[in-house]
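Take a look at the structure set out below.
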Amino acid sequence: MKKIMIAPSLLSADFSRLAEEIRDVEKAGCDALHIDVMDGHFVPNLTIGPLVVSAIRKVTKLPLDVHLMIDAPSRYVGEFRKAGADWITIHIEAENDVLKTLQEIKKLGAKAGISLRPKTPVETILPYLSELDLALVMSVEPGFGGQSFMPDMMAKVKVLRSKFQGLISVDGGIGAGNAFQALEAGADILVAGSAVFGKADRVKAIQEFREIFKKF
């Protein structure tokens, strides 16, 4: 049985009590924390920067999966690594020299990832698979939480699984009702926002995912 991970997305957490929220899902048994960084340019929303990632790092030992939804992410990978990011994922649409940026992430000691928007063909990231630790398939349009899962994006996961031995993550609209589709396609990591942070009982929420994981 392969290792399947659940990574709650902090975008759905209560930021007025963030440390408590993090400890709650850590205690509930999640495997990593997914942190969405948005700049208001690449996506029409603003979220957090390295200072908040550094604060998060101080309150948890969980791996921090930092998803850079920003223009020219090469300018900031060093800052996010210094802040405590373990995985740094860039968008292929946002960087001119993708290979150089991936190599820089790995040189800094982090795991390198690429993500792509729903409208971006999966073929665009295939030339970089040898440099990747993580491939992130967006199953919603990036920029806002609470969107509906796009099941047709699982075709991208299947293509990646046939060619890539590293980790495949699915992010967007994930819940217990569609987790099976993502896992069946070949995903290793499920990023879940409201399906975890939107529930009063986080232990029960994560356990629902674990029950589905047992089938794989």
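Under 18 Å from the mean Cα position of the chain (by Cα), at negative phi and not aromatic (Phe, Trp, Tyr), is that true of Leu183? Break it down stepwise before answering.
Values: under 18 Å from the mean Cα position of the chain (by Cα): yes; at negative phi: yes; not aromatic (Phe, Trp, Tyr): yes.
Here the answer is yes, as Leu183 does meet what is asked.
Do you know which residues across the range 105-119 are under 18 Å from Met69 (Cβ atoms) and surrounded by 15 or more Cβ atoms within 10 Å (Cβ to Cβ)?
Answer for the range 105-119, where residues must be under 18 Å from Met69 (Cβ atoms) and surrounded by 15 or more Cβ atoms within 10 Å (Cβ to Cβ): Ile105, Ala110, Lys111, Ala112, Gly113, Ile114, Ser115, Leu116, Arg117, Pro118.
Matching residues to (1) among the polar types (S, T, N, Q); (2) buried (at least 18 other Cβ atoms within 10 Å of the Cβ); (3) at pLDDT 95 or above:
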| site | (1), (2), (3) |
| --- | --- |
| Pro121 | no, no, yes |
| Leu129 | no, no, yes |
| Ala155 | no, no, yes |
| Lys158 | no, no, yes |
| Ser162 | yes, no, yes |
| Asp171 | no, yes, yes |
| Gly186 | no, yes, yes |
| Ile189 | no, yes, yes |
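For the range 1-54, name all the residues that are farther than 17 Å from Phe197 by Cβ, of a type in the set (A, V, I, L, M), out of contact with any Lys or Arg (no Cβ under 8 Å at 6 or more places or on another chain) and surrounded by fewer than 18 Cβ atoms within 10 Å (Cβ to Cβ).
Residues satisfying the conditions are Leu46, Leu51.
Could you grab me the full set of residues in the range 189-206 that are in contact (Cβ under 8 Å) with a residue 40 or more places away in the chain and touching a helix residue (DSSP H, G or I) at 6+ places or on another chain (Cβ under 9 Å)? Write out each step before concluding.
Quick first cut of the range 189-206, residues in contact (Cβ under 8 Å) with a residue 40 or more places away in the chain only: 189-194, 196-198, 202-203, 205-206.
Correct list: Leu190, Ala192, Gly193, Ser194, Val196, Phe197, Gly198, Arg202, Val203, Ala205, Ile206.
Can you tell me which residues in the range 55-103 are of a type in the set (S, T, N, Q) and buried (at least 22 other Cβ atoms within 10 Å of the Cβ)?
Thr89, Thr101
The values are calculated or read from the model by the stated rules, or taken from the named source; none is laboratory data. The structure presented is a predicted model; accordingly, all values stated were derived computationally and were not measured. Note that each Cβ is placed from the backbone with ideal geometry, even for glycine, and that neighbours are counted across all protein chains shown.
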